[in-house]
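To start, the structure under review is shown below, and the notes come after it.
Derivation of every value follows stated rules applied to the coordinates shown; laboratory data play no part. Keep in mind the model is a prediction, meaning the values are calculated, not measured. Note that each Cβ is placed from the backbone with ideal geometry, even for glycine, and that neighbours are counted across all protein chains shown.
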Amino acid sequence: MTHQEWDHYIDNFPYEAPSATAVRSPCPFLNTFANHGILPRSGKNITYTQYYKAITLVGTTHEAAVAFLSTVFRIYKEIDPAHSVWSDLRPATSISLNQLGQHNLVEHDISLTRADISEQPDFSLPNLERVQLMMSLSSHSNTSLVARTGTSPHLNVRHLGDFRRIKWNEAMQKPLAGYHFGGLYQIASAVECVLLLDYLGRDHSISIDHFESFVVHERIPKDWYPLEKPLTNWQLFSRTRSCLLAVRKSKA
């Protein structure tokens, strides 16, 4: 979808704050699209096709979307013991956004925008302390650039790597908290990093203005538009690897 096509498209999907009965997920991207009606505004009983449309709209390839959703629609299926065991193998027919808040399936500790499970958070809401920490990491390293150009500071892979390292170190100092950040969740967090920096942002970076709009307000910025061409498989791999290794390289 071109920039111009997007501008016409999004005119039909104005922002509305979620109603009192709506449900939301730990993912700001999905919540944002629900707030605009691209996903059902209620956040409830969303089908595979509806998720697929939203995910590919931002530039995800067909193959990546199918791989992700095929997994999600199986691991989040609610099992009924009254049904045949063979029915367990069939994917869910729909998944509500709040189901994605079940801990240690897709949602995990050392998250960018949600507190760890030990803090008993509401996973549907961003943790403002974490958001402010990321913004401060960006502001400190962008001070001279902002002063020179007058542009909004940006978050990049180094800032997110430093943030994760800080939160990981903090979690390790609380052994009774029961946090978990194994290899699977490190990979999941790297994919989230790519979603933020390359799909919501551009070229492994996102402006603080856009970051705040998506993550805090869960609203599509007026001057934003999705990727016109999907990332190649190699770009997706290399940028996921970059996000994964940034945490280990961090000196924070």
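What to note about this one:
- Rg/Rg_globular for the chain, with Rg_globular taken as 2.2 N^0.38 Å and Rg from C-alpha atoms: 1.02
- Sequence-distant residues sharing a close amide H with His103 (under 5 Å, placed H): none
- Shown here is the pair-distance distribution of region 126-252: with all Cα-Cα distances grouped in 5 Å bins from zero up to the longest one, the shares run 2, 10, 18, 22, 21, 15, 7, 3, 1, 0 percent.
- Contact order normalised by residue count of region 1-102, Cα under 8 Å, 6+ apart, percent: 30 percent
- By the rule of a C-alpha distance below 26 Å, with chain neighbours fewer than 8 residues away ignored, the lysines paired with Lys167 are Lys249, Lys251.
- Volume per residue that the Cα convex hull of region 13-94 spans, once the total is divided by residue count, Å³: 99 Å³
- The chain: relative contact order as a whole-number percent, Cα under 8 Å and 6+ apart: 24 percent
- Counting neighbouring beta carbons within 10 Å and listing from fewest to most, the residues Arg248, Arg158 come out as Arg248, Arg158.
- Backbone amide hydrogens, once placed in the peptide plane, bring Ile46 within less than 5 Å of Ile95, Ser96, Leu97, excluding anything fewer than 5 places away on its chain.
- Shown in residue order for region 29-42 are the 3J(HN,Hα) couplings computed by the Karplus curve 6.51 cos²θ - 1.76 cosθ + 1.60 at θ = phi - 60°: 4, 5, 4, 4, 5, 5, 5, 9, x, 5, 9, x, 4, 5 Hz (x for Gly and Pro).
- Amide hydrogen neighbours beyond the local backbone of Leu112, cut-off 5 Å, H modeled: none
- When His210, His62 are sorted by how many other C-beta atoms sit within 10 angstrom of their C-beta, beginning with the fewest, the order is His62, His210.
- Converting phi to 3J(HN,Hα) with the Karplus coefficients 6.51, -1.76 and 1.60 and the offset θ = phi - 60°, region 195-211 yields 4, 5, 8, 10, 9, 7, x, 9, 6, 6, 7, 9, 5, 4, 4, 5, 4 Hz in sequence order, with x at every glycine or proline.
- Among the chymotrypsin sites (Phe, Trp or Tyr not before Pro) found in region 1-30, those both in a DSSP coil and sparsely packed, with 15 or fewer other Cβ atoms within 10 Å of their Cβ, are Tyr15.
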